[in-house]
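The values are calculated or read from the model by the stated rules, or taken from the named source; none is laboratory data. Here the structure is a predicted model, which means the values were calculated and not measured. Here the Cβ positions follow ideal geometry from the backbone for every residue, glycine too, while neighbour counts run over all protein chains shown. To get the accessible areas, we keep the full protein, side chains included, count just its heavy atoms, and leave off ligands, DNA and RNA. Shrake-Rupley method; radii C 1.70, N 1.55, O 1.52, S 1.80 Å.
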Amino acid sequence: MSSAFNLGKLFGIQLRLHYTWFIIFIFITVSLSWLHFPSLYPDWAPVTYWVIGIVTSLLFFASVVAHELAHSLVARTNGIPIKSITLFIFGGVAQMTREATRPGAEFKMAAAGPACSLTIGGLFFLFWLFTPGIAEPIAVMVYWLFYINVALAIFNLIPGFPLDGGRVFRSILWKLTGDYQRSTRIATQVGQGVGYLFILGGILIAFLHPFGLDWFSGLWIAFIGWFLQNAASASYRQAQWRETLHRFTASQVMTSDCPVVPSNVTVGQLVQEYIFASGRRFFLVADEGKLEGILTLHNIKSVSQQNWDVTQVKEIMTPLNKLKVAHPDQDALSILEQMDENDINQMPVVSEDRVIGLIARDNLIRFLRIRSELGI
Ligand SMILES: [Zn+2]
């Protein structure tokens, strides 16, 4: 997710705020401080509404971070690195670099979030129960946090993928059938169904106002439904891509027409004779077929232009020992996962020290798109 600010690291995981988070933060704070608290507790001082509203809202988002952190830490103990946790308009999301490889691990990872929210809700409830003498605004805040954390856990347990409940559901299907792909298809289809139900329910609420709910709640529920439906169909497509990539090897998806330059060419020559001529941004550096490293425009920018004619490619390339390479019979899915984990966009395919091709992220996407256009 782009357009997000880095807030620092928690347990080695980058915490990020997407700009849409400010919308939901302001919305929750304002509806607590301006509508909810004043209508229920008219005697508080005006400043109390806002202080309690802001603190409640911040504690709520801290609870959301704890929920995502629970997923992330369980994922990490199961060997799945987590890059970042991002807070955005619909809550939080932990970015996993790959999916679980066993149903048991997926079950634990998915259940950890709602379990954490229930625990936090329970702690707020106990605090509310055993401190009867505290000031009313604090008691109200604590009670609201109990309620919202339990609601968060229940909402996330709805069995539509990609909600946590959908992941739990998939892990159970997966365990029972042993068929990961089919389980994913079923769970994402249920997820799409849940999305449509939310949209329909939201529209009905907006027009009929049952249980004292207003048109705004209806609109918001429909909006969440739209988001869930989109996320579920994206997960469905992604599951199909993964299935396809898993069936192919590096040598089947690589391109062999990758530009190769010798390591003793100067940067000036490279720019004039190769980059301007071909428009390429990525080169393999190889001497007599033996891969020495790779070079991108990024490497070139590290040299100032007056030194271009005295600097050789081998001085600025990313050398072989720092490079991730693929083997010809490695499956394409694991290559994509390695790219995600290492934040790289291309990997040379190497067989017995010789470069035989290149896999770039774009190749994989093109490969998938052409297959889907051909209907295969
Ligand atoms: Zn969750």
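Values computed for the structure shown
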{"quantity": "Subset of segment 213-231 (residues that are among the polar types (S, T, N, Q) and under 20 Å from the mean Cα position of the chain (by Cα))", "calculated": "GLN229, ASN230"}
{"quantity": "Residue check, GLY293 touching a Phe, Trp or Tyr at 6+ places or on another chain (Cβ under 7 Å) and surrounded by 14 or more Cβ atoms within 10 Å (Cβ to Cβ)", "calculated": "no"}
{"quantity": "Residue within segment 266-288 that is part of a loop (DSSP other than H, G, I, E, B) and touching a residue at least 24 places away in the same chain (Cβ under 8 Å) present", "calculated": "no"}
{"quantity": "Total residues in segment 67-88, condition surrounded by fewer than 20 Cβ atoms within 10 Å (Cβ to Cβ), more than 14 Å from the chain's Cα centre (by Cα) and not polar (S, T, N, Q)", "calculated": "3"}
{"quantity": "Odd one out for LYS324, checked against (1) under 16 Å from LEU245 (Cα atoms); (2) open to solvent by 20 Å² or more (accessible area, probe 1.4 Å)", "calculated": "(1)"}
{"quantity": "Restricting segment 32-86 to residues that are of a type in the set (S, T, N, Q), assigned to a helix (DSSP H, G or I) and in contact (Cβ under 8 Å) with a residue 24 or more places away in the chain, the residue that is farthest from PRO103 (Cα to Cα)", "calculated": "THR48"}
{"quantity": "Number of the exception - ALA231 against (1) at pLDDT below 85; (2) crowded, with 17+ Cβ neighbours inside 10 Å", "calculated": "(1)"}
{"quantity": "Segment 236-252, residues that are modelled with pLDDT under 85 and open to solvent by less than 20 Å² (accessible area, probe 1.4 Å)", "calculated": "ALA239"}
{"quantity": "Residues of segment 142-155 classified as aliphatic (A, V, I, L, M) and open to solvent by 20 Å² or more (accessible area, probe 1.4 Å), total", "calculated": "5"}
{"quantity": "Tally of residues being within 22 Å of the chain's Cα centre (by Cα) and either open to solvent by less than 50 Å² (accessible area, probe 1.4 Å) or of a type in the set (Ser, Thr, Tyr) (or both) across segment 175-188", "calculated": "6"}
{"quantity": "Some residue of segment 354-371 being open to solvent by 60 Å² or more (accessible area, probe 1.4 Å) and in a loop (DSSP other than H, G, I, E, B)", "calculated": "no"}
{"quantity": "Extreme residue, nearest to the ligand (Cβ to nearest atom), among residues of segment 89-111 that are assigned to a helix (DSSP H, G or I) and buried (at least 17 other Cβ atoms within 10 Å of the Cβ)", "calculated": "ALA110"}
{"quantity": "Filter result (within 16 Å of the ligand (Cβ to nearest atom) and either among the acidic types (Asp, Glu) or in contact (Cβ under 8 Å) with a residue 60 or more places away in the chain (or both)) within segment 128-152", "calculated": "ILE148, ASN149, LEU152"}
{"quantity": "Hits in segment 254-270 (condition: open to solvent by 10 Å² or more (accessible area, probe 1.4 Å) and among the aliphatic types (A, V, I, L, M))", "calculated": "MET254, VAL260, VAL265"}
{"quantity": "Residue that is nearest to VAL93 (Cα to Cα), among those in segment 34-75 that are of a type in the set (Ser, Thr, Tyr) and more than 15 Å from the ligand (Cβ to nearest atom)", "calculated": "SER57"}
{"quantity": "Qualifying residue in segment 156-174 (condition: free of Cβ contacts under 8 Å to residues at least 24 places away in the same chain, within 16 Å of the ligand (Cβ to nearest atom), surrounded by 21 or more Cβ atoms within 10 Å (Cβ to Cβ) and farther than 30 Å from ILE52 by Cβ)", "calculated": "yes"}
{"quantity": "Inter-residue pairs, beta-carbon under 8 Å, first of a type in the set (D, E, K, R) and in segment 182-206, second open to solvent by less than 20 Å² (accessible area, probe 1.4 Å) and at pLDDT below 95, 6+ apart", "calculated": "ARG185/ALA239"}
